1. Just one of Gly125, Gly83 is loosely packed, with under 15 Cβ neighbours inside 10 Å and under 30 Å from His230 (Cβ atoms); which is it?
2. Scan region 23-43 residue by residue and report those that are surrounded by fewer than 10 Cβ atoms within 10 Å (Cβ to Cβ) and part of a strand (DSSP E or B).
3. Among the residues of region 192-200, is any over 30 Å from His230 (Cβ atoms) and either in contact with a helix residue (DSSP H, G or I) (Cβ under 9 Å, 6 or more places away or on another chain) or buried (at least 19 other Cβ atoms within 10 Å of the Cβ) (or both)?
4. Scan region 90-122 for residues that are over 15 Å from the mean Cα position of the chain (by Cα) and open to solvent by less than 30 Å² (accessible area, probe 1.4 Å) and report the count.
5. Any chance region 262-283 includes a residue that's at pLDDT below 90 and open to solvent by 90 Å² or more (accessible area, probe 1.4 Å)?
6. Please verify whether region 258-265 includes one or more residues that are without any contact (Cβ under 8 Å) to a residue 60 or more places away in the chain, among the charged types (D, E, K, R) and touching a Gly at 6+ places or on another chain (Cβ under 8 Å).
7. In this structure, does Glu331 turn out to be at pLDDT 90 or above and open to solvent by less than 30 Å² (accessible area, probe 1.4 Å)?
8. Could you please give the count of residues in region 285-316 that are over 18 Å from Arg245 (Cβ atoms), among the hydrophobic types (A, V, I, L, M, F, W, C) and open to solvent by 10 Å² or more (accessible area, probe 1.4 Å)?
Amino acid sequence: VLRKGETVRNSNGMYQYAYTDQYGKRQYIYAKDLLTLRQKEEEVLRDRLDGIDSLTAKNQSLNDMFDKYMSTRKDLAARTFAGYLYQYNAYVRPTIGKRKIKDIKYSDVLCFYKVLMEEHNLSYGTIEHLQREIHPAFEMAVRDCIIRTNPTHKVLGQLKKQTGAKRGVRNALTPEQQKMFLQFMDGHPVFAHWKPIYTFFIGTGVRVGELGGLRWCDVDFESGFITIDHAIVYFAGKMNKTDQRLYISKPKTEAGIRKIPIVKEVRNALDEIKQYQFDNGIFCKADIDGYTDFIFLNRYGNVLMQTALDRALSRIIVAYNENEIQEAAEEKREAVLLPHFTCHTLRHTFCNRFCENETNLKVIQSVMGHVDIGTTMNVYAEVSDAKKKQSMEALAERLVLF
């Protein structure tokens, strides 16, 4: 017995159910048998009762939803916006992004992430970035009543449980490693000119883009402060080479705009840089968005980029370790080797040294430019074993246990 709205099509014998959607339009669903048709009817009824826009859900893909979400995020910094688009276009758009948003389940997202890690060798950190892009797009679909639940909710926890993955930890240099690293470059025939640059990193804790964008007018030797209010960003244009360019970017948050006190070692490093450039006839040729007179230059007078700084670090680390192994063997002692690290490790190193000598976390947060005190707390918790031992010994001298 057919119910109201149900019919059988004479042309092919298919069962059909007709109903009117929330926009007043006539819609139809079909099935080969009555049982399947009525299951679909129940889904339609449930969607209508819950206020779910099933028609939009049927036609809208994840790519459509992501593009709609990104069109609302004009508040994102240019480099963040470009980064989101690049990663999404590279890994999501040609794959799961083509699927209808209503058909994507929790298990689909979990399997997608596992494939990216296991078959495409993406790190867990990259997956976290993708999650930050996909999750809000699904969340917008939930709020727009297109789907009931967000299939990416808590998926990273299950991913870590199944794969054992965890975010990579950037360990800071120990005080001994830091000392040996700087001493090795001092007077070195090949690497000496890099020492003031890496000294500046360790003495200020600036980000790489902030160092690259620093100009002489940002340094006030009289007041003893360096003003950080912009950074240089390199957009690689991996999807479109014509987009490849350098530009000036303002900090993403107010916390990024700050003043850093100039300590003696940093002042000396800046003097050395100025003298080296004068002796070698190096003058700034770069003009980026109206900004010029940059401090940190390569031999051609262009701004130093992260790739050049990290490559130089790699060469210095290899040369230091080879030399240290040889000297340690001759002196019959254990070698103090340097791990592979990047410029960001030097920022982390500065923060560790700062945390070991300063107890006011708000001061540390301000100098580092952390928007969240939790970030500062995480670094504060990673102080060296030597510092922990020193603190406990100092405590033991003042504490009477018996």
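The values are calculated or read from the model by the stated rules, or taken from the named source; none is laboratory data. In this text, all values refer to a predicted model and were calculated from it rather than measured experimentally. Cβ coordinates were reconstructed from backbone atoms using ideal geometry, including for glycine residues, and neighbour counts include every protein chain displayed. Surface areas here come from the heavy atoms of the whole protein model, side chains and all, with no ligands, DNA or RNA. Shrake-Rupley method; radii C 1.70, N 1.55, O 1.52, S 1.80 Å.
1. Gly125
2. Within region 23-43, just Arg26 meets the criteria.
3. So far as region 192-200 goes, no, none of its residues is over 30 Å from His230 (Cβ atoms) and either in contact with a helix residue (DSSP H, G or I) (Cβ under 9 Å, 6 or more places away or on another chain) or buried (at least 19 other Cβ atoms within 10 Å of the Cβ) (or both).
4. Number of matching residues: 10.
5. no
6. No, region 258-265 has no match at all.
7. No: the conditions fail for Glu331.
8. 1
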